[in-house]
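One structure below.
Values in this text are rule-based calculations from the coordinates and carry no lab data. Fair warning: this is a prediction, and the values are worked out from it, not measured in the lab. Methodologically, a virtual Cβ is constructed for each residue, glycine included, from the backbone with ideal geometry; neighbour enumeration extends over all protein chains shown.
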Amino acid sequence: MQKLAVRFGTDSVRPMLERMNPGDWVIDIAAFPGGEIGVVHAPGERSSALANTGAGPGLWRLENGDIIAWSGLPLAEGKTVPRVAANVLPELAARLDGVFAAIGWSQEDGRLYIVTDFLGLQPVYVGDHSGDWAAATEIKPFPYDPDPAGWGAFLAFGHTIGNVTLTTRAKRLRPATILTVTPPDAPGAQPRIKTSRYWEMPDEGQEPPPEATVAALKANTAAYQALAGPNVCLLSGGFDSRLILSLLHRMGVEERRAFILSHHDQDADMDGRLAARVAKRSNTPCEYYTQNREFYSTREYLDYVWAIDGATPNLHLFIAQLAPTLNGHGSIWEGLIPAVALRAPMQSGDGGFETMRRERVHINRTSIKIFKPAVQKAMLDGFEAEFERTKALYPQTPHGVWQWVIEQRVRNRSGINPTKVYPNHATPLMVGSSRQLWELIAPIGYERRKHYDYYIDVFRALAPEMAQIPFYSTGGSLHRADTDWATYKAYELGLKTWRAVNKRPLLARACGIHRKFGFIPSRFTRHPAIFREEDDLLDMDFVRRAETEEPLRFECGKLLFHWRAARWVHENRLHATLLPG
């Protein structure tokens with residue numbers, strides 16, 4: 001895999017690339033009049049999938065003096081991305097599928113071109129780096145200056161929204177964006193930037209037959225399979241990974257394996273047990289990973305925080321511990337896109353904006369007291385303004401909310417694992433990144449997404465036997481689909497019994513739940529540095545009280561850790577501060 005950066009000015013782009021390097025990756029830099037483009041890419045076989053696209057690794061250096069760099073996995077109809085002049089890059093990007101970003105310098109035009117994929121999942125951030133205009137696929141290379149709107153959204157939703165990040169020095173590009181950047185006329189001046197977009201999400205309309213959706217999913221899966229060597233499906237008991245495994249099974253992909261995370265601290269590992277049934281039903285070899293109870297006090301956890309730029313709440317989030325286990329797996333199938341293409345995440349009831357806001361915005365009024373009152377107000381006011389601005393970009397309908405969730409939550413929270421974390425360890429294959437698929441499914445109405453009705457119809461068209469095993473979805477909901485009544489009731493009874501026992505500490509301890517399962521609280525939330533380092537934006541008297549008063553430390557420790565971690569990631573001192581020498 002590969003990460004990108006570009007910088008105008010006399011200073012080198014190398015420090016930005018070094019900040020993004022997870023360890024042993026290779027740096028490649030090329031100069032153009034007024035600046036530099038650079039990449040940092042995984043060595044050897046770990047970049048084989050990108051090499052198979054024809055887009056890397058490393059930089060394209062064309063004979064006419066053009067320079068082009070790619071990130072992610074662009075998918076072309078001819079299987080390899082054609083080598084075009086940099087000024088043709090916007091036109092080429094508009095014909096590609098996949099999750100990718102590209103930067104190109106046109107020697108003939110004297111301009112820089114930057115493009116994002118049609119869903120905008122591969123991040124590109126633009127902003128100021130010590131007075132120079134710069135762009136990169138991660139935020140950590142940019143200086144840190146806390147953005148009140150970004151932090152307000154962090155407090156409200158658990159992720160940034162719109163184009164803001166946690167630092168005022170970097171903004172995120174929207175999906176399907178083309179930036180045309182003309183270098184500054186004089187030293188110290190800013191470049192001239194023209195912004196356009198090449199694709200828009202279709203409006204609500206006619207529902208496609210499930211068979212057409214299956215055909216589009218198969219085509220996209222085949223395009224990824226052509227790039228991948230040995231690969232593994234991250235399998236859960238839910239809808240999305242089961243869909244991918246069903247696609248591989250129906251397409252006759254023999255070298256398929258499943259990787260199941262054992263989730264014993266939640267619902268007696270209903271998720272893992274159903275995943276194992278799916279693997280057995282499809283004759284797929286599988287292996288289990290058992291959680292490390294102390295994971296959130298380890299170097300590997302800090303590696304995760306570093307990888308996501310410290311940009312979301314993640315303490316004791318189960319999925320965070322997956323990344324280190326991916327080493328050596330080559331390519332992994334990832335179910336993020338079906339999870340939003342065929343469902344209605346974050347929506348319930350009437351599916352409207354106000355319902356989503358009422359149910360999803362939860363601000364801990366005790367923990368935010370770590371900030372000075374004026375800072376609290378700036379954060380909450382900034383969030384309100386950015387929420388209203390982004391909301392106005394979409395129809396005020398359930399379909400508009402669905403579009404909002406895709407562009408805001410999916411890109412800034414769910415999408416960070418396959419686009420920022422997993423590429424440090426393996427190549428993510430993101431099934432569903434096909435404009436043909438999205439032009440089919442985007443018109444589906446909210447009611448058909450809300451209760452998984454259309455999704456189950458897709459399973460019936462693709463692999464009806466897989467709809468006969470209950471689905472266990474995010475939040476702990478059990479979905480019957482086509483499971484026979486007696487089998488479903490047995491699963492439902494087991495789920496209710498475990499939850500009832502788990503609510504009674506003495507009974508749970510007698511059953512071994514208390515001692516054996518669940519994560520041990522992170523020692524980083526008790527580290528003296530998060531309480532004692534001076535910060536003009538914090539109410540340091542309150543923070544010092546939180547270090548010594550256990551109820552306050554319990555309430556405020558997580559937020560204080562995330563606040564500190566974001567700064568320390570940007571300043572390249574996260575590990576040095578929190579780990580012993």
Under 21 Å from the Cα of K171, which lysines turn up, not counting those fewer than eight places away in the same chain? K3, K140, K194, K391, K420
Trypsin sites (Lys or Arg not before Pro) restricted to DSSP loop in the stretch 356-387 with at most 13 other C-beta within 10 Å: R365
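Determine, from the Cβ-Cβ distance of D109 and D24 and an R0 of 51 Å, the FRET efficiency 1/(1 + (r/R0)^6), rounded to the nearest 0.05. Write down the numbers at each step before the final one.
Values: r = 36 Å, r/R0 = 0.71.
After rounding to 0.05, the efficiency reads 0.90.
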Placing +1 on each Lys and Arg Cβ and -1 on each Asp and Glu Cβ in the chain, then taking the dipole about the Cα centre, the residue among Q468, I68, G152 whose Cα reaches farthest towards the positive end is Q468
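Using only helices, what value at 222 nm comes out for the chain when you add -39,500 (n - 2.57) per DSSP H run of length 4 or more and divide by the total residues, to the nearest 500 deg cm²/dmol?
Values: 22 runs with 206 residues, N = 581.
Value at 222 nm, helices only: -10000 deg cm²/dmol.
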Could you check the simple spin-label distance between S196 and N283, using points 7 Å along Cα→Cβ, in nm with one decimal? 5.2 nm
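Could you give the DSSP H helices of the chain that reach 20 angstrom or more along their long axis (alpha carbon positions) and whose average Kyte-Doolittle hydropathy is no lower than -1.0?
Values: long enough: 210-225 (22 Å, 0.01); 373-391 (27 Å, -0.61); 485-502 (26 Å, -0.46); 550-570 (30 Å, -0.35).
Helix filter hits for the chain: 210-225, 373-391, 485-502, 550-570.
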Can you list the HN-Hα couplings for the stretch 24-39, worked out from phi with the Karplus curve (6.51, -1.76, 1.60; θ = phi - 60°), rounded to whole Hz and with x for Gly and Pro? 10, 7, 9, 9, 10, 10, 9, 8, 9, x, x, x, 9, 10, x, 10
Collect residues whose amide H, placed 1.01 Å from N in the peptide plane, falls under 5 Å from the amide H of V232; neighbours closer than 5 in sequence don't count. S331, I332, W333
Using R₀ = 35 Å, calculate the FRET efficiency as 1/(1 + (r/R₀)^6) where r is the Cβ-Cβ separation of V84 and K218; round to 0.05. 0.75
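In which sequence would R95, R460 go, from the one with the fewest C-beta neighbours within 10 Å to the one with the most?
Details: R95 13, R460 16.
The order, fewest Cβ neighbours first, is R95, R460.
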Based on the Cβ-Cβ distance of E447 and R365, what FRET efficiency does E = 1/(1 + (r/R0)^6) give at R0 = 35 Å, to the nearest 0.05? 0.50
Choose one of H41, M346, N412: the residue whose Cα lies farthest towards the positive end of the charge dipole of the chain (beta-carbon charges +1 Lys, Arg; -1 Asp, Glu; about the Cα centre). M346
Could you size up the charge dipole of the stretch 378-531 around its Cα centre, putting +1 on the beta carbon of Lys and Arg and -1 on that of Asp and Glu, and report it in debye to the nearest 20? 980 debye
Among F259, W306, N220, the residue whose Cα sits farthest towards the positive end of the charge dipole of the stretch 215-312, when +1 is placed on the Cβ of each Lys and Arg and -1 on the Cβ of each Asp and Glu, is N220
Dipole in debye (nearest 20) - the stretch 1-121, about Cα centre, beta carbon charges: Lys, Arg +1; Asp, Glu -1: 160 debye
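Dipole size in debye (nearest 20) for the chain around its Cα centre, Lys and Arg Cβ +1, Asp and Glu Cβ -1? Before the final figure, lay out each step's value.
Values: 67 positive and 65 negative charges, 332 e Å.
Using Cβ point charges on Lys, Arg, Asp and Glu, the chain gives about 1600 debye.
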